[in-house]
Every structure is written in C-alpha cells, then in structure tokens.
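A quick write-up on the structure given underneath.
The values are calculated or read from the model by the stated rules, or taken from the named source; none is laboratory data. Please read all numbers here as calculations on a predicted model, not as lab measurements. Glycine also receives a Cβ, built like all others from the backbone with ideal geometry; neighbour counts cover every protein chain displayed.
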Amino acid sequence: MSWNKSLLLLLQGDFENGLPLYENRWGSEKVSQIAGKRFFDKPTWLGVEALQGKTILLYGEQGLGDFIHFCRYAKLVADFGAKVVLEAPESLAGLVENLEGVSQVVVKGEELPPFDYQCPLLSLPLAFQTNLDTIPNQRRYINLDNYPNKIIEWKARLGSKLKLKVGLVWSGNPDHKNDHNRSLLLQDMIPFLPNGFEFISLQKEVRALDKLTLDSNSHILSFAGHLNDFIDTAALIDNLDLVISVDTSVAHLSGALGKKTIILLPSMPDWRWLLDREDSPWYPSVKLYRQSTVNDWNSVLERVRVDLAGN
C-alpha cells in the first residue's frame with residue numbers, strides 16, 4: 001500500500017511525501033526482485049552521515065533508463081567530500097566512466113573495492129531531499145569527451161546534411177511490465193512523419209513485424225548492425241538534430257546528452273514524467289507529448305507531425 005501511495009504522490013510532484021514512501025519498494029518481495037535488491041555489510045547512506053573522506057558505492061537498480069536518469073546525483077555525492085565508486089551495467093560502463101564526481105567505475109559482477117557506505121541510485125533523490133525546485137537538471141551531464149573518434153565515425157556514416165536529421169525509437173524492451181502501453185508499431189508512426197526530414201532508426205533491437213515495415217521504407221535509415229553499445233547510440237544521437245522516442249532508455253540517454261528530444265507518453269506515465277505538463281524538470285531539452293486516452297497514439301503523433309511541419 002505504501003509503495004503504491006508513493007507512486008501516486010511522486011506522479012503528482014509531491015516528492016517531500018512520496019520519496020520517503022518510495023523506500024518501501026524494498027519491503028515488497030515482487031518489487032524487490034524487479035528492482036534488484038542487493039545486500040551489503042555496509043550501511044545505506046540516505047543523507048545523514050558525513051561523507052568527507054569516506055568512500056561510497058553507488059549502484060543501479062531497475063532498468064538502464066533508471067541508471068542513466070539518476071546517475072546525475074554522483075556529482076552531488078562527491079561534493080560532500082566522498083570518493084564515489086559507481087557500479088554500472090557493462091552496457092553503460094564506458095558511457096559513464098568520466099561522469100562528473102565519479103572516482104571509479106566498476107562493471108557489475110566484478111569485484112568491488114572497499115567502501116564505507118552504499119546507496120542505490122533511486123534512493124539519492126531522498127538523500128538530497130529533492131523537490132521539484134531542487135532537481136539537479138544540468139542540460140548535459142553525460143558526454144562523449146573520451147570518444148571523439150566515435151562522433152566523427154557516425155558523422156561520416158550519416159553522410160552530408162541535406163535535411164534535419166531525426167532519430168526514432170518506437171518500442172522498448174518487450175519484457176518491460178508496461179511495454180504494451182508504452183511501445184507502438186513503426187507502421188503506426190510512419191503516416192505521421194512529415195516530408196522534409198531525414199529519419200534514422202535508433203532501435204538496436206527491431207521486432208519482426210517492425211523489421212518488415214523498416215525494410216519496405218528505405219527512407220528510414222537503420223544502423224542496427226553498427227549499434228554495438230550505448231557509446232555508439234550516444235555518438236549517433238550526438239549527430240542528430242532531434243530524437244523522437246517512446247519512454248525507453250534511449251529517451252533518457254538523449255535527454256542526458258542535452259539533445260532536443262520528444263518523448264511520447266502513455267495516458268498513465270511513469271512517475272518521473274509527472275502529470276499535465278509538456279516539459280520535464282529532469283531534462284531541460286525534453287518535450288513531452290501525452291496520450292489523453294488509453295492507447296490513442298494517433299492524436300499524440302498528429303501533434304508531433306503538426307509541430308515538426310511548422311518547424
């Protein structure tokens with residue numbers, strides 16, 4: 001009950017009351033399994049103890065998008081004088097190796113160095129008593145400074161710029177519990193893509209039905225075979241003018257890179273997107289397009305089409 005109440009409060013923007021209750025995710029066996037509950041012999045830091053001269057382990061939970069979203073807090077932790085060790089999924093480790101505030105990145109599964117405290121990333125908003133006015137919303141907090149050649153490589157792969165280049169993500173992980181609400185078919189998106197733009201698929205995994213659609217629409221470029229990891233995806237996004245995405249990890253990546261991003265949201269969105277607003281306090285470069293009724297993607301995509309056509 002407390003877990004569900006926390007989600008409702010957070011969705012309404014009541015972080016002061018919602019974030020403490022959000023810690024009850026660890027009290028539910030089902031949610032704990034999904035979130036990936038971990039057990040350590042060191043205490044959890046929730047903003048009380050002094051960190052000066054201490055080492056703290058920050059680690060991910062839930063999905064890759066969640067990791068990208070909340071790793072921004074590493075700098076705030078380091079500002080308290082801590083040495084920050086960030087444990088990252090292998091697919092994200094290279095991308096966050098120079099994240100501001102992080103002293104060491106360890107790939108999940110590898111041996112961890114000694115540490116004094118630990119904290120899952122999604123508990124950091126509580127540790128910093130975050131509210132809508134204090135969200136750390138730096139426009140670009142993930143960068144590719146370590147991979148300049150990747151940016152050049154993708155610029156060459158995309159070719160000369162004759163039109164504005166727009167990246168597309170229409171579906172997420174099919175195993176996600178809310179995938180049936182957040183994902184759509186490429187064939188349903190195509191009629192709403194106006195002329196005058198160059199569209200590029202950002203999908204690393206393409207479902208069978210979507211592959212047939214993609215193969216029969218050669219004007220949408222696909223580089224799935226070249227997207228080896230998130231560094232490639234980030235370098236590709238860095239060369240685009242705009243990203244249009246459903247609520248997936250790529251949407252978070254684009255926002256974290258400071259890229260102009262349109263996120264397509266179902267009628268009941270994840271709590272972080274709040275309600276009844278087109279902007280996101282988490283990502284200054286993001287604009288939100290919401291369903292007004294369940295499964296009505298057509299009206300959402302029509303608004304996107306109109307806005308793009310008037311660009």
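Go through His226, His219 for me and flag whichever is over 29 Å from Asp296 (Cα atoms) and of a type outside the set (Val, Ile, Thr).
After applying the criteria, what remains is His226.
For the stretch 47-67, does any single residue satisfy the condition of being surrounded by fewer than 13 Cβ atoms within 10 Å (Cβ to Cβ), over 16 Å from Ala127 (Cα atoms) and of a type in the set (Asp, Glu)?
Within the stretch 47-67, none of the residues are surrounded by fewer than 13 Cβ atoms within 10 Å (Cβ to Cβ), over 16 Å from Ala127 (Cα atoms) and of a type in the set (Asp, Glu).
Let me confirm something: among Leu21, Leu10, Leu86, which residue is touching a residue at least 60 places away in the same chain (Cβ under 8 Å) and in contact with a helix residue (DSSP H, G or I) (Cβ under 7 Å, 6 or more places away or on another chain)?
Leu10
Give me a count of the residues in the stretch 48-58 that are under 24 Å from the mean Cα position of the chain (by Cα) and either part of a loop (DSSP other than H, G, I, E, B) or among the β-branched types (Val, Ile, Thr) (or both).
The qualifying residues number 1.
In the list Glu97, Glu111, which residue meets the criterion of being surrounded by fewer than 16 Cβ atoms within 10 Å (Cβ to Cβ) and without any contact (Cβ under 8 Å) to a residue 12 or more places away in the chain?
Glu111
Restrict the check to the stretch 69-88 and report whether at least one residue is closer than 24 Å to Thr248 by Cα, hydroxyl-bearing (Ser, Thr, Tyr), modelled with pLDDT of 95 or more and touching a strand residue (DSSP E or B) at 6+ places or on another chain (Cβ under 6 Å).
Checked the stretch 69-88: no residue is closer than 24 Å to Thr248 by Cα, hydroxyl-bearing (Ser, Thr, Tyr), modelled with pLDDT of 95 or more and touching a strand residue (DSSP E or B) at 6+ places or on another chain (Cβ under 6 Å).
Quick test of your reading of the structure: Met268 fulfils all but one of (1) crowded, with 23+ Cβ neighbours inside 10 Å; (2) in a loop (DSSP other than H, G, I, E, B). Name the failing condition by number.
So the condition that Met268 fails would be (1).
I'd like to verify a number: residues in the stretch 208-228 that are surrounded by 15 or more Cβ atoms within 10 Å (Cβ to Cβ), part of a loop (DSSP other than H, G, I, E, B) and either in contact (Cβ under 8 Å) with a residue 40 or more places away in the chain or among the polar types (S, T, N, Q) (or both), how many?
Summing the residues that are surrounded by 15 or more Cβ atoms within 10 Å (Cβ to Cβ), part of a loop (DSSP other than H, G, I, E, B) and either in contact (Cβ under 8 Å) with a residue 40 or more places away in the chain or among the polar types (S, T, N, Q) (or both) in the stretch 208-228 gives 2.
List the strands (runs of 3 or more DSSP E) that sit entirely inside the stretch 77-172 and contain at least 2 residues that are among the hydroxyl-bearing types (Ser, Thr, Tyr) and closer than 22 Å to Ser245 by Cβ.
none
Looking at the stretch 278-310 only, could you name the residues that are assigned to a loop (DSSP other than H, G, I, E, B) and either surrounded by 12 or more Cβ atoms within 10 Å (Cβ to Cβ) or at pLDDT 95 or above (or both)?
Glu278, Ser280, Pro281, Trp282, Tyr283, Pro284, Ser285, Gln291, Asp296
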